[in-house]
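The values are calculated or read from the model by the stated rules, or taken from the named source; none is laboratory data. Owing to the predicted nature of the structure, the values given are computational and were not obtained by experimental measurement. Note that each Cβ is placed from the backbone with ideal geometry, even for glycine, and that neighbours are counted across all protein chains shown.
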Amino acid sequence: MASLSEYKKKRKFDKTPEPGPQKKRTKSGHLFVVQKHRATQLHYDFRLEADGVLKSWAVPKGPSLDPKVKRLAMQVEDHPVDYAKFEGVIPEGEYGGGTVMVWDYGTYEPEGTDDVSEALREGELKFKLNGEKLKGSWVLVRTRGRQWLLMKHRDYYTTEEDVTELAPVSIFTRRTLAEIAEDEGGNPKKASTGDPKTIPRRTGVKRRKKGQRAKVWHSS
Ligand code: MN
């Protein structure tokens, strides 16, 4: 059974703005989210809803749309479904301290199974992503213990270009990590080390003008 006890044990909810350990189900039951997280190391948290929680993997290099690339994905504790909308700052010294961005968000369709939890227990899940940045067919395969590989299947959405470089900002607020840190009382200098030096024009993403109020995404 999916459980949030590990999630709960790791956090002090009077210190962190992260959502509490409540299980719930979205309408589709198949939410997916990728959160860019500048903690001790920059990584991308890849999460799929199953049985009232978000099954979660930390992907150090982030997802790749190139089917020749295998990305290491370390399974971490299940997260609450409400976590998918969390964008903000976890205080320094707390578990996962640093800046969190909602990098992509959408739904997924499991392929060849109706029982996602069972497929994950067996160590292989194929799925289609309907995100803004990530689309098409993917697979997660367990290699050993908590270690998995995240791979793109060859399809219409395949590309050798690096989606983490081309589309670096929040899917909800269009903010960079540095801007999120600045708005939410974090450390913009540290957070900015997870941002590309320039935001590519081709993404159509605009930086907030100086002095303009940020549109802040509230997680609750
Ligand atoms: Mn993380």
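Residue-level check: of (1) among the hydroxyl-bearing types (Ser, Thr, Tyr); (2) touching a Lys or Arg at 6+ places or on another chain (Cβ under 7 Å); (3) more than 29 Å from Gly136 (Cα to Cα), Ser64 misses just (3).
Out of Arg146, Arg174, one residue alone is modelled with pLDDT of 95 or more and basic (Lys, Arg). It is Arg146. If only residues of segment 87-123 that are within 15 Å of the ligand (Cβ to nearest atom), in contact with a strand residue (DSSP E or B) (Cβ under 6 Å, 6 or more places away or on another chain) and part of a loop (DSSP other than H, G, I, E, B) are counted, the one that is farthest from Gly52 (Cα to Cα) is Gly97. Just to be sure I understand the filter: pairs with C-beta atoms under 7 Å, separated by 6 or more residues or on different chains, first member in segment 27-48 and under 12 Å from Leu177 (Cβ atoms) and assigned to a loop (DSSP other than H, G, I, E, B), second member modelled with pLDDT under 95 and of a type in the set (A, V, I, L, M). Which pairs pass? From segment 27-48, no pairs qualify.
Per-residue answers, yes or no, for (1) touching a Leu at 6+ places or on another chain (Cβ under 7 Å); (2) under 14 Å from Lys36 (Cβ atoms):
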position	(1), (2)
Glu77	no, no
Gly97	no, no
Gly112	no, no
Lys126	no, no
Tyr157	yes, no
Val163	yes, yes
Gly185	no, no
Lys189	no, no
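Each residue in segment 73-85 was checked for being within 11 Å of the ligand (Cβ to nearest atom) and outside any helix (DSSP H, G or I), and 4 of them qualify. None of Thr26, Thr40 is within 16 Å of the ligand (Cβ to nearest atom), more than 14 Å from the chain's Cα centre (by Cα), over 23 Å from Tyr156 (Cα atoms) and not acidic (Asp, Glu) except Thr40.
Please tell me if Lys9 is surrounded by fewer than 18 Cβ atoms within 10 Å (Cβ to Cβ), touching a residue at least 12 places away in the same chain (Cβ under 8 Å) and away from the ligand (no atom under 14 Å from the Cβ). The answer is no for Lys9. If you scan segment 124-156, which residues turn out to be part of a loop (DSSP other than H, G, I, E, B) and surrounded by 18 or more Cβ atoms within 10 Å (Cβ to Cβ)? Answer for segment 124-156, where residues must be part of a loop (DSSP other than H, G, I, E, B) and surrounded by 18 or more Cβ atoms within 10 Å (Cβ to Cβ): Gly131, Lys133, Leu134.
Yes/no per residue for (1) farther than 21 Å from Leu149 by Cα; (2) in contact with a His (Cβ under 8 Å, 6 or more places away or on another chain):
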position: Ser3; (1), (2): yes, no
position: Lys12; (1), (2): yes, no
position: Pro19; (1), (2): yes, no
position: Lys24; (1), (2): yes, no
position: Phe32; (1), (2): no, no
position: Ala39; (1), (2): yes, no
position: Tyr44; (1), (2): no, yes
position: Arg47; (1), (2): no, yes
position: Asp51; (1), (2): yes, no
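Residue-by-condition table, conditions (1) within 13 Å of the chain's Cα centre (by Cα); (2) under 26 Å from Leu166 (Cβ atoms):
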| site | (1), (2) |
| --- | --- |
| Ile90 | no, no |
| Val100 | yes, yes |
| Gly106 | yes, yes |
| Glu109 | no, yes |
| Ser117 | no, no |
| Glu124 | no, no |
| Lys133 | yes, yes |
